[in-house]
1. Applying the selection to the stretch 1-18, what residues are out of contact with any helix residue (DSSP H, G or I) (no Cβ under 9 Å at 6 or more places or on another chain) and either in contact (Cβ under 8 Å) with a residue 12 or more places away in the chain or surrounded by 12 or more Cβ atoms within 10 Å (Cβ to Cβ) (or both)?
2. Quickly run through the stretch 1-14 and pick out the residues that are more than 20 Å from the chain's Cα centre (by Cα) and assigned to a helix (DSSP H, G or I).
3. Could you list, in sequence order, all residues of the stretch 21-51 that are surrounded by 11 or more Cβ atoms within 10 Å (Cβ to Cβ), closer than 20 Å to residue 6 by Cβ and within 15 Å of the chain's Cα centre (by Cα)?
4. For the stretch 68-78, what are the residues that are at pLDDT below 85 and part of a helix (DSSP H, G or I)?
């Protein structure tokens, strides 16, 4: 048998969570369990910063400042 956790939220937050679960075809309980699992497995701030530093190192020099400005003018996101 699974443990039960009770969390109290405002009626507005409850409505938004139920709507989000419903649009995904899930029960509120399943939606919240999935969200909790994702939070548990998400990298902490230090790990996320290391990943971003790695990405920055890989792309530095490949995209110039002018390239970024031109993409913004075109309405492109990167």
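The values are calculated or read from the model by the stated rules, or taken from the named source; none is laboratory data. Just so it is clear, the structure is predicted and the values come from calculations on it, not from any experiment. Note that we place each Cβ from the backbone using ideal geometry, even for glycine, and neighbour counts take in every protein chain shown.
1. 16
2. Of everything in the stretch 1-14, those that are more than 20 Å from the chain's Cα centre (by Cα) and assigned to a helix (DSSP H, G or I) turn out to be 11, 12.
3. If the condition is that a residue be surrounded by 11 or more Cβ atoms within 10 Å (Cβ to Cβ), closer than 20 Å to residue 6 by Cβ and within 15 Å of the chain's Cα centre (by Cα), then 31, 32, 34, 35, 36 are the ones that fit.
4. Answer for the stretch 68-78, where residues must be at pLDDT below 85 and part of a helix (DSSP H, G or I): just 68.
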